[in-house]
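Comments concern the structure below.
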Protein chains: 2
Amino acid sequence: MARKTGSRSEITGPRVQAAALHLFAAEGYAAVSMRRIAQEVGVQAGALYLYTSDKQSLLYDLMQSHMTELLEAWRQVAAVGSPLERLRAFNRFHIFHHLDRPEAVFVAYMELRNLSPENFTRIEALRGRYEAELESILKAGQQAGQFDIPDTKLATMALIAMLTGVNTWFRQGGRLSRERVEAIYWDMVRKAVGA
Amino acid sequence: MARKTGSRSEITGPRVQAAALHLFAAEGYAAVSMRRIAQEVGVQAGALYLYTSDKQSLLYDLMQSHMTELLEAWRQVAAVGSPLERLRAFNRFHIFHHLDRPEAVFVAYMELRNLSPENFTRIEALRGRYEAELESILKAGQQAGQFDIPDTKLATMALIAMLTGVNTWFRQGGRLSRERVEAIYWDMVRKAVGA
DNA sequence: GTCTATATGCTGATAGAC
DNA sequence: GTCTATCAGCATATAGAC
């Protein structure tokens, strides 16, 4: 603990990422200094540049990892079956995946404007791919006559906003369990698409 | 235009607020300096302190005005009538009011963490009052047997997140008019509450 | 009411010792 | 791999001239 120097590259890198995520989520990218991140990790500011080329990369890497992990995790569970079953799987996946990593979700939504133009474009492309996953479910249900949706693109945006909103108010140990929240949102989602 | 000094207190104050709103929305509170705001207004940085005690007050005043105006505007249109009619009025009001002032809405949602603890508490109280307006409509419809809602508190949060989300993707002159968006969201809202 | 000048301190990033 | 020292610049806020 009192150790001030030493060779610990195998763990310091991830700790830099973790500290940046934690601080960016709590105080915002622009409000957090490199010195503050270094302090959280327990190194001097200069040492951070062994693990990231600059502050912008630190933010981009966090957001890129988050979006990639989101898409990959969905691919693992992306249900086959009827559109209704697939929509139910999406509802469950989105709520649980987002509740499991509130800091990454918060940063991914709040810090978009602090990305460089090139990095912003890359992250938006990943977000578009995730939205397309939901829209394909809605289109399939609409074509099969199982859903009644006036506009699948708007329904996609509406449902994602509604589901992501859970992160803003859900508190562990609160009035409702995650499973109960999932069930209640499923009821509203199902009705909203006319199923 | 080339005028560098002079007495224009009656317009400089509002211009400071407008510049702060514009810049905070575009770049974020923490990323915007007082010098930058002064530059936008066309005065020196020191002159800003004639119109605000400090940077924090600039942010708080913007958010407080926004929330107060939101509550007051709703009070003007808050429909009497059946719960279904009142919900339809809320749907319309929320979408249009928010689309009319995207910068204020954006700042009010994104900069909460940059408020001092006392100011945060005050803003959250105003937000709670607005949410209570919607929840009272949902409760009335539920009690009258006209809605079918598993949990009115969650439905309140879900619907507000969904409606506010319009601001993140709606672009003037895009594929859909505001009226069409309102109609499509009303279809989804109505179905979601089981009406 | 606005200006200039200034105080005090923090910023991202780099160079070079160890 | 981490440290210390440093650069050049910008931050908020205030004092006092005009």
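Quick note: the coordinates plus some simple rules give every number you see, no bench work behind them. As the structure is a prediction and not an experimental result, all values here were calculated from the model. A quick note on method: Cβ atoms are made from the backbone with ideal geometry, for glycine too, and the neighbour counts reach across all protein chains shown.
Which shape class, rounded, prolate or oblate, goes with region B:57-195 when its Cα gyration tensor gives a ≥ b ≥ c as root eigenvalues, a/c under 1.5 marks rounded, and past that a/b bigger than b/c marks prolate? Don't skip to the end; give the middle numbers.
Working: a/c = 2.03, a/b = 1.34, b/c = 1.51.
Here region B:57-195 falls in the oblate category.
Once the Cα atoms of helix B:83-100 and of chain B are each reduced to a long axis, what angle between those two axes, in degrees from 0 to 90 to the nearest 10, is obtained?
Taking the Cα atoms of chain B, the angle to B:83-100 is about 20 degrees.
Taking the label point 7 Å from Cα in the Cβ direction, how far apart in nm is A:Glu69 from each other copy of itself, listed shortest first?
Inter-copy label distances (nm, one decimal, shortest first): 3.9.
Distance from the Cα centre of region A:51-95 to that of region B:101-168, in angstrom?
After rounding, the separation between the Cα centres reads 26 Å.
Helix-only estimate, please: 222 nm mean residue ellipticity of chain A, summing -39500 (n - 2.57) across DSSP H runs of length 4 or more and dividing by its residues, to the nearest 500. Intermediate values should be presented prior to the final figure.
Details: 9 runs with 136 residues, N = 195.
Helix-only estimate at 222 nm: -23000 deg cm²/dmol.
Need one word for the protein assembly as shown: rounded, prolate or oblate. Basis is the Cα gyration tensor (sqrt eigenvalues a ≥ b ≥ c); a/c below 1.5 gives rounded, then a/b vs b/c decides. Each step should come with its number before you reach the end.
Details: a/c = 1.95, a/b = 1.18, b/c = 1.65.
Cα axes put the protein assembly as shown in the oblate bin.
Give me the percent relative contact order of chain B, please, defined on Cα pairs under 8 angstrom at least 6 residues apart.
22 percent
When chain B is modelled as a GNM with alpha-carbon springs shorter than 10 Å, which of B:Ile184, B:Ile137, B:Ile11 fluctuates the most?
B:Ile11
For label points placed 7 Å from Cα toward Cβ, what is the shortest-first list of nm distances from A:Trp186 to its copies?
In ascending order, 3.2 nm.
Return the average number of partner chain Cβ atoms within 10 angstrom of each residue Cβ along peptide B:55-68. Write down the numbers at each step before the final one.
Working: counts 0, 0, 0, 0, 0, 0, 0, 0, 0, 0, 0, 0, 0, 0.
Per residue, the number of nearby Cβ atoms from other chains is 0 on average.
Which of the peptides B:158-165, B:48-55 is most tightly packed, and how do the rest follow, judged by the mean count of other Cβ atoms within 10 Å per residue?
Working: B:158-165: 23.1, B:48-55: 15.0.
Listed from highest to lowest mean packing, they are B:158-165, B:48-55.
Compute the angle between helix B:178-192 and the longest alpha-carbon principal axis of chain B, please, reported from 0 to 90 degrees and rounded to the nearest 10.
Value to nearest ten degrees: 50.
For the modelled label position 7 Å from the Cα of B:Ser116 along Cα-to-Cβ, which residues of region B:43-85 have backbone nitrogen atoms closer than 11 Å?
B:53-58, B:60
A:Asn114: net charge of surrounding residues, Cβ under 15 Å, Lys/Arg +1, Asp/Glu -1, itself excluded?
With Lys, Arg at +1 and Asp, Glu at -1, the net is -4.
Going by alpha carbons, how many degrees (0 to 90, nearest 10) lie between the helix axis of B:117-143 and the longest principal axis of chain B?
20 degrees
Other chains near A:123-129: what is the mean number of their Cβ atoms within 10 Å of each residue's Cβ?
0
Shortest first and in nm to one decimal, what separations exist between A:Pro102 and its copies in the other chains, measuring from label points 7 Å along the Cα-to-beta-carbon line?
Ordered by increasing distance: 3.0 nm.
Under 20 Å from the 7 Å Cα→Cβ point of B:Ala79, by amide nitrogen: which residues of region B:114-153?
Backbone N within reach: B:130-149.
Enumerate the amide H contacts of B:Phe147 below 5 Å, restricted to partners 5 or more residues apart or on another chain; note that Pro and chain-start residues carry no placed amide H.
The answer is B:Gln142.
Tell me, what HN-Hα J-couplings in whole Hz come from the Karplus equation 6.51 cos²θ - 1.76 cosθ + 1.60 at θ = phi - 60° for each residue of region A:145-155, using x for Gly and Pro?
Karplus values, whole Hz, x for Gly and Pro: x, 8, 10, 10, 10, x, 7, 5, 5, 5, 5.
Mind checking which of B:Arg101, B:Arg175, B:Arg75 has the largest fluctuation in a GNM of chain B, springs on alpha carbons under 10 Å?
Evaluated over chain B, the most mobile residue of the options is B:Arg175.
Partner chain Cβ atoms within 10 Å, averaged over the residues of B:172-180 - can you pull that number for me?
Numbers: counts 0, 0, 0, 3, 3, 0, 0, 0, 3.
Mean partner shielding for this stretch: 1.
Say each of B:Glu10 and A:Arg171 gets a label point 7 Å from the Cα, pointing the same way as Cα to Cβ; how far apart are those two points in nm?
For the pair B:Glu10/A:Arg171, the computed spacing is 4.9 nm.
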